[in-house]
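Have a look at the structure below, then the notes.
The values are calculated or read from the model by the stated rules, or taken from the named source; none is laboratory data. The model shown is predicted, which means the values in this text are computed figures rather than measured ones. Using ideal geometry, Cβ is built from the backbone for each residue, glycine included, and neighbour counts are taken over all protein chains shown. When the accessible area is computed, the model is the full protein with side chains, heavy atoms only, and any ligands, DNA or RNA have been set aside. Shrake-Rupley method; radii C 1.70, N 1.55, O 1.52, S 1.80 Å.
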Amino acid sequence: MTDRLSVRSVLGRVEAIEDWLLTSEEWGAVGAALDALSTALADGSEEGVRDALGALQRLEESRRALARPGPVKSFIPQRQREQRNILVRRLTLDLSSEDRGPAAGPSTGGPSSTGPAA
């Protein structure tokens, strides 16, 4: 993923998991999707990233059906929280390193527009 908007989009999706309310089975599927996403990011596989995000999208849609009766739902378990936190840190670092690219370096020459007026 080289597009900063794509990294931001993935980061937003991963961060949102914190507030989901799912069954234990669904949390297991979230864990598998986060593992797949981590592997895809490490491999640089955009197709793998899309597949993992698709799995998370399907789980998010089931999360929205909170009013239906069924199995007990809970907030994010510790294992998935740790997976999520690792991915958030990784994606945040990816964004930071992109932001510090050559265009983000200090400017040279000329007076500073933020300095005091003479």
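Scan the stretch 72-118 for residues that are at pLDDT below 50 and open to solvent by less than 100 Å² (accessible area, probe 1.4 Å) and jot them down. If the condition is that a residue be at pLDDT below 50 and open to solvent by less than 100 Å² (accessible area, probe 1.4 Å), then A104, G105, G109, G110, S112, G115 are the ones that fit.
The residue of the stretch 45-71 that is least open to solvent (accessible area, probe 1.4 Å), among those that are under 17 Å from V7 (Cβ atoms) and out of contact with any Ser or Thr (no Cβ under 9 Å at 6 or more places or on another chain), is L56.
Cβ separations smaller than 7 Å between residues 6+ apart or across chains give the following pairs from the stretch 82-108 residues that are over 17 Å from G31 (Cα atoms) to residues that are modelled with pLDDT under 85 and not acidic (D, E): L95/R4; E98/R4.
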